[in-house]
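The values are calculated or read from the model by the stated rules, or taken from the named source; none is laboratory data. Bear in mind that the values here come from a model prediction, so they are computed numbers and not experimental data. Quick reminder, even Gly has a Cβ in these numbers, built from the backbone with ideal geometry, and neighbours come from all protein chains shown. Side chains are part of the model used for accessible areas, which takes the heavy atoms of the whole protein and leaves out ligands, DNA and RNA. Shrake-Rupley method; radii C 1.70, N 1.55, O 1.52, S 1.80 Å.
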Amino acid sequence: MSRIFFIGDTHFGDSQIIDYEQRPFANVEEMDKELINRWNYVVADDDKVFMIGDFSLYNMQKTTEICNQLKGTKILIMGNHDDNSEKYYNDCGFDKVYEYPVILDDFWMISHKPLYLNKNMPYANIYGHVHGNEMYVDYSKHSFCACVERINYTPISWDEIKK
């Protein structure tokens, strides 16, 4: 039975993000390898993964190489650092690519940046973008932050988010 996972802001190839977000990696090569290993440890080939933005800063060849190493059907919700076209990311190995937020199961809005929601709205938001910024909570009844810094650099299952 296939499962659904979420992960945001991997920033493959971005050495500066290690400093900016105090990621526990010595260098970008270690970070990239660990992100790939953790992804593949929990995701099976028949699972679906929503990559919610800021996937890779590498060129197309290296981005494709990384994408092809990752298990699962990969869906990209483009982030502010995903500067290329939807076709570019399809060609890199993403099965589906969306420039704008999508709605999953008539209730969950999946977006790169957090969307404004309050407790009276009939939706919930799974988002990235904010990394470790303390102004944003990890989760509430109406939102969940799936930035790698908040989910131990490992895709998190939809079942876990819904809990």
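Cross-link pairs exceeding 31 Å between alpha carbons, from the set K62/K119; K33/K87; K87/K113: K62/K119.
The residues of the chain expose on average 54 square angstrom of accessible surface per residue, using a 1.4 Å probe on protein heavy atoms.
Working ranking of peptides 72-83, 119-130 by packing, defined as the average number of other Cβ atoms within 10 Å per residue, highest first, is 72-83, 119-130. Using the eigenvalues of the Cα gyration tensor, what equivalent ellipsoid semi-axes result for segment 19-163 when each is taken as the square root of five times the eigenvalue, whole Å, largest first? Working from the Cα gyration tensor, I get semi-axes of 24, 18, 15 Å. Between 0 and 90 degrees, the angle of helix 60-69 with respect to the longest Cα principal axis of the chain falls at about 70 degrees. Relative to the Cα centre, the charge distribution of the chain, modelled as +1 at Lys and Arg Cβ and -1 at Asp and Glu Cβ, gives a dipole magnitude of about 520 debye.
Expressed as an acute angle from 0 to 90° and rounded to the nearest 10, what is the orientation of the C-alpha long axis of helix 28-42 relative to the principal long axis of the chain? Approximately 50 degrees, to the nearest ten.
The overall shape of segment 122-163, judged from the alpha-carbon gyration tensor, is oblate: a/c is not under 1.5, and a/b is no greater than b/c.
Rolling a 1.4 angstrom probe over the chain with all protein chains present gives an accessible area of which 47% lies on carbon and sulfur atoms.
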